[in-house]
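As structure tokens, the structure follows; a few thoughts come after it.
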Amino acid sequence: MTFHPEALGRRHIVLSGGCGALGVVIAERLQQHGAKVSVCDLVKPESPPGDFFFAADLTKPETSRQFVDAARRQFGPIHTALCHIGVVAPGPLVDYKVEDWNRTFEANVKTAFLLGQAAARAMIDDGVRGQLVFTTSWVASVPWPDIGAYSASKAAMNQLMRSFARELAPQGIRANAIAPGIVGAGMAQKQWDTDPAYRARAQRAIPLGELQTPESVADAFVFLCSPAASYMTGAVLLVDGGCSLYPMDSG
């Protein structure tokens, strides 16, 4: 175990998009370090992650508020809200469909805004000096072929985070982001395993030479949710194996 088992003791953390391959690992890691974790996703799985599960579409303002209120009823005031929902619809921008663009921004940016807003209001009401954490990406600043909409949405999330950080500082509420690299889970892992051209390109883009483990991302969340990060706000924590060090070559 990387951190003390009670590094997050007595902390209540809400997590959106917690049923994805990465979200499940994050929820488990937070629990292992003492946090109570309330998870929201579209559909409740047979074995939901976290200590409390709420099925909802967080693109709607009322459901974001309902999730936050339900989580507070379960475990009391919220200390950290993890705005983690993310989707990617690949395709070159010159042929990209407006529907896919809208869906990407609604899932990635709108849900982050709505959950961040609902959680911040709850923190203010409860007198909690809490934190909002946004899952962004190294591609917010280094373009990757065929995911221009996703990259743009993550760049928007970085600026959304910084705006929350600036506006909420007087209330003692912080906002930060975690930007993973190419994680060995979900779509990236599938492409790595099945698409030789993608694998070759990804290997060139990762200075450390191997896919990022979900656990390394989850450890970054544990750190940022812990008292060790209590003086951080408005920051993007890059945990990307060096992908953002230099532009990818053209091969």
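The values are calculated or read from the model by the stated rules, or taken from the named source; none is laboratory data. Keep in mind that what you see is a predicted model, and the values were worked out from it rather than measured. With ideal geometry, Cβ positions are generated from the backbone for all residues, glycine too; neighbour counts draw on all protein chains shown.
Miscellaneous remarks
- Inter-residue pairs, beta-carbon under 7 Å, first farther than 23 Å from Pro214 by Cα and in the range 66-87, second polar (S, T, N, Q), 6+ apart: Ala71/Ser38; Gln74/Ser38; Phe75/Ser38
- The range 1-18, residues that are surrounded by fewer than 23 Cβ atoms within 10 Å (Cβ to Cβ) and either within 12 Å of the chain's Cα centre (by Cα) or closer than 21 Å to Phe113 by Cβ (or both): none
- Among residues of the range 57-104, those that are assigned to a helix (DSSP H, G or I) and at pLDDT below 95, counted: 1
- Scanning the range 51-100 for residues that are more than 14 Å from Val37 (Cα to Cα), of a type in the set (S, T, N, Q) and either in contact with a Gly (Cβ under 7 Å, 6 or more places away or on another chain) or surrounded by 18 or more Cβ atoms within 10 Å (Cβ to Cβ) (or both) gives Thr63, Ser64.
- Each residue in the range 34-50 was checked for being buried (at least 24 other Cβ atoms within 10 Å of the Cβ) and either assigned to a loop (DSSP other than H, G, I, E, B) or not small (Gly, Ala, Ser) (or both), and 6 of them qualify.
- For beta carbons closer than 8 Å, sequence separation of 6+ or different chains, a first residue in the range 121-148 that is modelled with pLDDT under 95 and outside any helix (DSSP H, G or I) and a second that is surrounded by 20 or more Cβ atoms within 10 Å (Cβ to Cβ) and not hydroxyl-bearing (Ser, Thr, Tyr), the qualifying pairs are Val142/Cys243; Trp144/Ala205; Ile147/Val88; Ile147/Val139.
- Selection count, the range 167-198, where residues are free of Cβ contacts under 8 Å to residues at least 40 places away in the same chain and exposed (fewer than 14 other Cβ atoms within 10 Å of the Cβ): 8
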